[in-house]
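For reference, the structure is listed below as structure tokens.
The values are calculated or read from the model by the stated rules, or taken from the named source; none is laboratory data. Only a predicted model underlies this, so the values are computations on that prediction, with no experimental measurement involved. As a convention, Cβ positions derive from the backbone with ideal geometry for all residues, glycine included, and neighbour counts pool all protein chains shown.
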Amino acid sequence: MEEVVRARGHENVSAEHASTFEVTTDDWLTPAGDCILAVEADRAPTEFDSEFVEACRDEDAKITVTFEADGHVEEVVGRGHPDLTFENERSMVGRTSEYVDGRTFVVGAGTAAAGFDREFVAALADGADLTVRVRVE
């Protein structure tokens, strides 16, 4: 199963956070938002299909997040968790840890924002369109 979210980069994208990455529906970003990869997402976790959400609540679920922007592709693999709610109406956060809150959509991620290729990050800082594919197995 797969969900697709489209967003765009922003001049303040720095992708320096060491334990999370985020995509938000907000249309603004301050320099303090060092985990945020893109803004103006066309969907939030509350809009994901209920079967998809249920599949992500299996702690044995493999969740693969693929980011595509300006010819660059980044892929992060993490896991599901029984406490995932997908209830946030503004943002989706991937975490390298096991911490779960209303914004979390994947835990145990193989990398955080700081681990993304710097050319990919530069494209987002230039405002590139971003497609995020979230696949659960």
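Quick grid of which residues meet (1) at pLDDT below 95; (2) more than 16 Å from Ala109 (Cβ to Cβ); (3) out of contact with any helix residue (DSSP H, G or I) (no Cβ under 6 Å at 6 or more places or on another chain):
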| site | (1), (2), (3) |
| --- | --- |
| Ala7 | no, yes, yes |
| Glu22 | no, no, yes |
| Thr25 | no, yes, yes |
| Thr30 | yes, yes, yes |
| Gly33 | yes, yes, yes |
| Lys62 | no, no, yes |
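Sort out which residues of region 2-47 are surrounded by fewer than 18 Cβ atoms within 10 Å (Cβ to Cβ), closer than 30 Å to Asp58 by Cβ and out of contact with any Lys or Arg (no Cβ under 7 Å at 6 or more places or on another chain), and write them in order of number. Once the filter is applied, which keeps residues that are surrounded by fewer than 18 Cβ atoms within 10 Å (Cβ to Cβ), closer than 30 Å to Asp58 by Cβ and out of contact with any Lys or Arg (no Cβ under 7 Å at 6 or more places or on another chain), region 2-47 yields Arg6, Ala18, Arg43, Thr46, Glu47. For region 6-34, the tally of residues that are among the hydrophobic types (A, V, I, L, M, F, W, C) and closer than 21 Å to His81 by Cα stands at 3. Figure legend. Inter-residue proximity from region 115-137: first residues without any contact (Cβ under 8 Å) to a residue 40 or more places away in the chain, second residues in a strand (DSSP E or B), beta-carbon distance below 6 Å, spacing 6+ or different chains. No pairs are indicated.
Quick check on Thr85: is it over 17 Å from Cys35 (Cα atoms), in a strand (DSSP E or B) and not aromatic (Phe, Trp, Tyr)? Spelling it out, it is not the case that Thr85 is over 17 Å from Cys35 (Cα atoms), in a strand (DSSP E or B) and not aromatic (Phe, Trp, Tyr). Within region 83-137, can you find the residues that are of a type in the set (S, T, N, Q) and farther than 19 Å from Glu54 by Cα? Scanning region 83-137 gives Thr96, Ser97, Thr111, Thr131. Is one or more of the residues making up region 34-47 under 29 Å from Glu119 (Cβ atoms), in contact with a Leu (Cβ under 9 Å, 6 or more places away or on another chain) and assigned to a loop (DSSP other than H, G, I, E, B)? Yes, that holds for at least one residue.
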